[in-house]
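Report on the following structure.
The values are calculated or read from the model by the stated rules, or taken from the named source; none is laboratory data. Since the structure is predicted, the reported quantities are computational estimates derived from the model, not experimental observations. No Cβ is skipped: glycine too gets one built from the backbone with ideal geometry, and neighbour counts run over all protein chains shown.
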Amino acid sequence: MNRLANKSQTKATARAGSNIAFIKYWGVADPRINLPLNNSISLTLGALHTTTTVEWDTAGALALDEVTIDGDRVDGKKAERVTQHLDIIRQLASKHHYRARVVSRNNFPMASGIASSASAFAALTVAACAALDLSYDRVKLSAIARRGSGSASRSIFGGYVEWERGNDDTSSVARQLFPGEHWNLRDVVAIISTAEKAVSSASGHMMAITSPFNAARIDSLYTALQEVRAAITMRDLTRLGPLIEQDALAMHGVMMTGKPSLLYWQPGTIEVLQAVRRWREEDGFPVYFTIDAGPNVHLICEPAFERELLKRLNTVSSVRSTVSSGPGEGAELIDQHLF
Ligand code: DP6
């Protein structure tokens, strides 16, 4: 069991893994609290993580929060998003006047096209709360992390995680379905582009309801969620794989048919999808895809097929590089501060 609370102090460091969703979070019912339209299920990733140190300035030396990400001081929207999240935590601790120094580091390049906000807001939440002696359990921490980035609610937990839609700020929380040891699945990201996405997920979530396909997707999820839970329970990839592909395609269908239309795919995305289907049809190669709000393709397989998958991806001309990960632990406090 890893740690979530510290002895009395104003500085703490936490590490949290990114996650890949099998049933996606797409669309918000209430954007102020990131209340989603549907439950989502994900796997927390062990090899891709964010480490964040938060030090609260109790002496009033800082006029504003100071945010450093991957060695660069950030301002504008990025810093604002951190400050807004810290505001929620300041309010919980009734320390409205405290400012914080935040130093955050990703062990994967922010420009790799892999979403960093899930791991970033999970690590920020755990470090900022611990440094104010707010000793919350993981469920409560997931509710707080959700306010920073919806998918961050899931990164509070390790392994296989379900974020329940809920009805309000207290009930929309994540819970672990199984620890990572339950099933050692691999996620190999085929990187097609490292460019930052032109339309943020936050704006995309607001547009979901403008697609005529959105309601149909949401309606289909009650059964899909049950099937995904069952496939994970049975460790059955031939059952899980088609379900995760179906929901990734449904989510992108919603994106493409919204107003305005969002098209995150590039030609290379299709090249990988076609290759995966060909490999399965030609020689039953057991690998399945999912895609987040970007052009890169996550390939899910059992560890025994990872080497062969990497070899095959090498022959796909649009794949610039790959990043692999297995299941990871939930967010935890660590002792090595970043400053
Ligand atoms: C497509 O709102 O959590 O990855 O904009 O990075 O904060 P950020 O993302 P978030 O939306 C994630 C959407 C998704 C699907 C998912 O992870 O469930």
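Please tell me if I270 is closer than 19 Å to P36 by Cβ and of a type in the set (A, V, I, L, M).
Answer is no for this residue.
Here are some residues: A127, A118. Which one is at pLDDT 95 or above and over 17 Å from V323 (Cβ atoms)?
None of the other options fit; the residue is A127.
List the strands (runs of 3 or more DSSP E) inside the range 99-207, counting only whole elements, that have at least 3 residues being touching a Lys or Arg at 6+ places or on another chain (Cβ under 8 Å) and away from the ligand (no atom under 13 Å from the Cβ).
none
If I ask for residues that are aliphatic (A, V, I, L, M) and in contact with a strand residue (DSSP E or B) (Cβ under 9 Å, 6 or more places away or on another chain), which ones from the range 18-33 would you list?
I20, A21, I23, V28, A29
For R229, indicate whether it is on the phi > 0 side of the Ramachandran plot and either among the acidic types (D, E) or away from the ligand (no atom under 15 Å from the Cβ) (or both).
No, not satisfied.
From the residues in the range 210-225 that are within 15 Å of the ligand (Cβ to nearest atom) and aliphatic (A, V, I, L, M), which one is nearest to L37 (Cα to Cα)?
I218
Going residue by residue through the range 73-83, is there one that turns out to be surrounded by fewer than 24 Cβ atoms within 10 Å (Cβ to Cβ) and in a strand (DSSP E or B)?
Pass one, the range 73-83, residues surrounded by fewer than 24 Cβ atoms within 10 Å (Cβ to Cβ): 73-81, 83.
Checking the rest, the ones that are also in a strand (DSSP E or B) come to 73.
Scanning the range 73-83 turns up at least one residue that is surrounded by fewer than 24 Cβ atoms within 10 Å (Cβ to Cβ) and in a strand (DSSP E or B).
Taking the options G258, G180, name whichever one is over 23 Å from S155 (Cβ atoms), modelled with pLDDT of 95 or more and of a type in the set (G, A, S).
Residue meeting the stated conditions: G258.
Looking at the range 117-149 only, could you name the residues that are among the basic types (K, R) and touching a Phe, Trp or Tyr at 6+ places or on another chain (Cβ under 7 Å)?
R138
With the requirement that a residue be hydrophobic (A, V, I, L, M, F, W, C) and within 13 Å of the ligand (Cβ to nearest atom), what does the range 17-47 give you?
I20, A21, F22, I23, W26, V28, I33, L35, L37, I41, L43, L45
Hey, can you tell me all the residues within the range 100-124 that are over 14 Å from the mean Cα position of the chain (by Cα) and crowded, with 20+ Cβ neighbours inside 10 Å?
At the first step, the residues of the range 100-124 found to be over 14 Å from the mean Cα position of the chain (by Cα) are 100-105, 107, 109, 111-112.
The answer is A100, V102, V103, S104.
I'd like the full set of residues that are surrounded by fewer than 21 Cβ atoms within 10 Å (Cβ to Cβ) and farther than 22 Å from H85 by Cα, limited to the range 39-67.
Matches in the range 39-67: N39, G46, A47.
Taking interchain pairs and intrachain pairs at least six residues apart, which have beta carbon atoms under 7 angstrom, with the first residue in the range 322-339 and touching a residue at least 60 places away in the same chain (Cβ under 8 Å) and crowded, with 16+ Cβ neighbours inside 10 Å and the second outside any strand (DSSP E or B) and basic (K, R)?
Listed by first residue and then by second, the contacts come to G330/R138; E332/R3; L333/R3.
Collect the residues in the range 221-269 that are in a loop (DSSP other than H, G, I, E, B) and surrounded by 14 or more Cβ atoms within 10 Å (Cβ to Cβ), keeping them in residue-number order.
Residues of the range 221-269 that are in a loop (DSSP other than H, G, I, E, B), as a first pass: 234-236, 257-266.
If the condition is that a residue be in a loop (DSSP other than H, G, I, E, B) and surrounded by 14 or more Cβ atoms within 10 Å (Cβ to Cβ), then R235, T257, G258, L262, Y264, W265, Q266 are the ones that fit.
For the range 1-11, indicate whether the set of residues that are surrounded by 24 or more Cβ atoms within 10 Å (Cβ to Cβ) and either at pLDDT 95 or above or not β-branched (V, I, T) (or both) is non-empty.
Scanning the range 1-11, I find no residue that is surrounded by 24 or more Cβ atoms within 10 Å (Cβ to Cβ) and either at pLDDT 95 or above or not β-branched (V, I, T) (or both), so the answer is no.
Given the residues L62, L43, L86, L124, which is the only one that is over 21 Å from I156 (Cβ atoms) and not charged (D, E, K, R)?
None of the others qualify; the one that does is L62.
If you go through the range 302-329, how many residues are of a type in the set (S, T, Y) and either in a loop (DSSP other than H, G, I, E, B) or more than 25 Å from the chain's Cα centre (by Cα) (or both)?
Of the residues in the range 302-329, 3 are of a type in the set (S, T, Y) and either in a loop (DSSP other than H, G, I, E, B) or more than 25 Å from the chain's Cα centre (by Cα) (or both).
Residues of the range 193-219 being touching a helix residue (DSSP H, G or I) at 6+ places or on another chain (Cβ under 7 Å) and within 17 Å of A248 (Cα to Cα), which ones?
Matches in the range 193-219: G204, A208, S211, F213, N214, R217.
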